[in-house]
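Only the coordinates and a few stated rules stand behind these numbers; no lab work does. In this text, all values refer to a predicted model and were calculated from it rather than measured experimentally. Because the Cβ atoms are built from the backbone with ideal geometry, glycine has one as well, and the counts that use them run over all protein chains shown.
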Amino acid sequence: MTSVQIKEPQGAAHARILGIGGYSPSRVIPNSEIVDNIDSSDEWIQTRSGIRERRWATPEETVQMMSVSAARKAIERSGLEPQQIDCVIASTVSHLLQTPSVATTIATELGCEQPAAFDISAACAGFCTALAMASDLVRGGSAKHVLVIGVERLSDLTDPFDRGTAFIFADGAGAAVVGPSDAPAIGPVVWGSDGAQADLIRQKEDWRDALLTGHLPAIVMDGNPVFRWASFEMAKVAHEALERAGITPDQLDVFVPHQANGRIVDALARSMKLPERVKVARDIEYLGNTSAASIPLALERMLEEGEAKSGDLALFIAFGAGLVYAAQVAVVP
Ligand SMILES: CC(C)(COP(=O)(O)OP(=O)(O)OC[C@H]1O[C@@H](n2cnc3c(N)ncnc32)[C@H](O)[C@@H]1OP(=O)(O)O)[C@@H](O)C(=O)NCCC(=O)NCCS
């Protein structure tokens, strides 16, 4: 090894979420607009999934447009200028261009000054995954203010005639800015993957085969095993995230699980044995499953409706195609 010493980055002692923002598309799609295509009913969808309606993007509400709208709010609420953002991470599985990444064009439209910018693919676990990376980047010194975006236009990749997915997936964007903090405010991430179960949620074909079918490659899901995995295995992950942060369930104020299914939210909340006063996000009723966008969108709604407030202790847990998962405790901005 060389005897020349190189300098290493020096990061902040701690990181926190400085601000969040969301964007929900303008088109409200009630269950009644979906049921005929899939021989279902409003009652079945509500009972089995907790979804009453969801938002699907109009042609103008692109991945870029929704991301920029959510990010502007998050940056403004952080009290920062776009020029202070030095890294942008966009998590998405429904941006239809594999290259260039959407993070670079989002950054430019926001007016950031040539930040590091890249996309990640971690499906519904995308927000918690990117949040963990952002926290480590700030504490490791590779960035000072990281913009994290979870954005999906899943309506593009949903087959409206598929009974297993047509009523679940939806569109939207959520964003958070992560920066230096005087005190610990983002706990250790508990994350992982299980590629042996990759077939449970996947695109039906790749882009080359999609050329032959003439359709975009829709996402298909074997819902029941995913449901069982999420309800049981994810409860253990949620507990571990609390333990690693040194927190007990009664010290929590807010529980924001990924909005995959209202019954999964209930099962997780039950198994956490959360005290009555802990508020649980139940955004799925109005927004469906927005994948990487669901946690920041749900948290924004809780803040707007007074269910959460700045300084509260929140537990985030997200999981999805891969299978992948990520969870952490964080202080609400
Ligand atoms: C999709 C999901 C709501 C289905 O609920 P479920 O309780 O598992 O339902 P099942 O697939 O076991 O089907 C139960 C019955 O409903 C029927 N059914 C399935 N889809 C239906 C639909 N859209 N409308 C009406 N009936 C339907 C089935 O045919 C079955 O009928 P049977 O009992 O006569 O055989 C549920 O599995 C789920 O939410 N899974 C996880 C979703 C998720 O988290 N996805 C993303 C991860 S990020």
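Below, the figures for the structure above:
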{"quantity": "Cβ-placed point charges (K, R +1; D, E -1), dipole of the range 219-333 about Cα centre in debye, nearest 20", "calculated": "240"}
{"quantity": "Neighbour count of at most 11 Cβ within 10 Å plus DSSP loop: longest GluC sites (Glu not before Pro)-free window in the chain", "calculated": "61-275"}
{"quantity": "Fraction of beta bridges assigned by DSSP in the chain that are antiparallel (%, nearest 5)", "calculated": "70"}
{"quantity": "Using alpha-carbon coordinates, inclination of helix 223-245 to the longest axis of the chain, degrees", "calculated": "20"}
{"quantity": "Helix-derived mean residue ellipticity, 222 nm - over the chain, DSSP H n ≥ 4, -39500 (n - 2.57), to 500", "calculated": "-10000 deg cm²/dmol"}
{"quantity": "Computed magnitude of the charge dipole of the chain (debye, nearest 20; Cβ of K, R +1, Cβ of D, E -1)", "calculated": "660"}
{"quantity": "Gyration tensor (alpha-carbon) shape descriptor, the range 88-147, a/c threshold 1.5", "calculated": "oblate"}
{"quantity": "Qualifying trypsin sites (Lys or Arg not before Pro) for the range 1-106 [loop in DSSP, other Cβ within 10 Å: at most 14]", "calculated": "Lys7"}
{"quantity": "Cα-based reach from Lys73 at 21 Å (exclusive), listing lysines while leaving out same-chain residues under 8 positions away", "calculated": "Lys144, Lys309"}
{"quantity": "Overall form of the range 260-303 per C-alpha gyration tensor (a/c, 1.5; a/b vs b/c)", "calculated": "oblate"}
{"quantity": "Given charges at beta-carbon only (K, R positive; D, E negative), |dipole| of the range 266-315 in Debye", "calculated": "240"}
{"quantity": "Dipole axis of the chain (+1 Lys, Arg; -1 Asp, Glu on Cβ), positive-most option in Gln114, Gln10, Gly22", "calculated": "Gln10"}
{"quantity": "Whichever lysines have a C-alpha closer than 17 Å to that of Lys273, once near sequence neighbours (fewer than 8 apart) are set aside", "calculated": "Lys236"}
{"quantity": "Neighbourhood net charge (12 Å Cβ-Cβ; Lys/Arg +1, Asp/Glu -1) for Gln98", "calculated": "-2"}
{"quantity": "Cα gyration tensor category, rounded, prolate or oblate, for the range 139-183 with a/c compared to 1.5", "calculated": "prolate"}
{"quantity": "Label-zone membership for the range 266-305, site Lys236, 7 angstrom Cα→C-beta point, backbone N under 13 Å", "calculated": "none"}
